[in-house]
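What follows is a set of notes on a single structure, which appears directly below.
What follows is calculated from the coordinates using simple rules that are stated; it is not laboratory data. Being a predicted model, the structure only gives us computed values, none of them experimental. Don't worry about glycine lacking a Cβ; one is built from the backbone with ideal geometry, like all the others, and counts go over all protein chains shown.
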Amino acid sequence: MSSSAIRLKNDVSPAEWDARVNLAAAYRLTALFGWDDLVFTHISARVPGPEHHFLINPYGMMFDEITASSLVKIDLDGRKVSESPYDINPAGFTIHSAIHAAREDALCVMHTHSINGVAVSAQAEGLLPLSQQSLGVLASLGYHDYEGIALNEAEKPRLVQDLGHNTNLMLRNHGLLTVGRTPADAFVAMYFFEAACMIQVRAQAGGGKLLPIAPPILDNIKEQIKLVTRGATPGALVWPGLLRRLDRRNPGFAD
């Protein structure tokens, strides 16, 4: 661990440092899975504590080089509350601050411009029930119409309303968004969201007649997921393994 990371770790609470490490891992995993869009998407995590502070990526840093100590801590007004040489993405602030302010359970918010996600977001029917991967997404999915780059404060209430109590939000002509109580939960939700979109695009490209899954199966999917995961969240089940993979392929996120 670098000397600057050691200093920051000693200056913040153990809970904040843990949030920093897991959020940095989520950024690097996003790059590893090929969902990053240069520096133009964002993942944020609420800093534990009474203040409404959250962590977000330093604007201009590539996702595969983000570290726990490089994350920028800001408040709901977009003001930096700790020293950082980096600015933040103003569009990222608009989207993430809206959701963090409205959803106490959305401790992590993840937004991507993945190729498959954007492709499906441009389809009038949105995500279709074509795969097992799509079912969990469809069970908790909202849609938000495109209003341009997310810089307008007036868009915030519409964004929050369209997300509702869901885990997943398809931003029309724009990309995908997930929320979770941890970076692990938001990341794994995004994994299934992106996988469902990729499967849909490939199935459509095959040119044959598509076979949708019957609605009664979708109606029971939440209970089936609980049985498969034995009551744990999918994020809690797979996150330790994802961190081990990251340590093998791109170590240093905890610096």
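Could you name the aspartates and glutamates in cross-link range of K9, using Cα to Cα under 12 Å and dropping any fewer than eight places away on the same chain?
D18, D255
Starting from the Cα gyration tensor of the chain, take the square roots of the eigenvalues, sort them a ≥ b ≥ c, and report rounded, prolate or oblate (rounded when a/c is under 1.5, otherwise prolate if a/b is larger than b/c, else oblate).
Note, shape of the chain comes out prolate.
Residues of the stretch 95-117 with amide nitrogen under 20 Å from the 7 Å Cα-to-Cβ point of V201?
Zone members listed by number: 110-117.
When Lys and Arg each count +1 and Asp and Glu each count -1, what net charge do the other residues less than 15 Å away from R248, Cβ to Cβ, add up to?
+2
If neighbour count is taken as other Cβ atoms inside 10 Å, put V39, V12 in order from fewest to most.
V39, V12
Where a ≥ b ≥ c are the square roots of the eigenvalues of the C-alpha gyration tensor, would you call the stretch 3-45 rounded, which needs a/c under 1.5, or, failing that, prolate if a/b is larger than b/c, or oblate?
Prolate, since a/c reaches 1.5 and a/b exceeds b/c.
Nothing charged except the Cβ atoms of Lys and Arg (+1) and of Asp and Glu (-1): what's the magnitude of the dipole of the chain about its Cα centre? Round to the nearest 20 debye.
Approximately 720 debye in magnitude.
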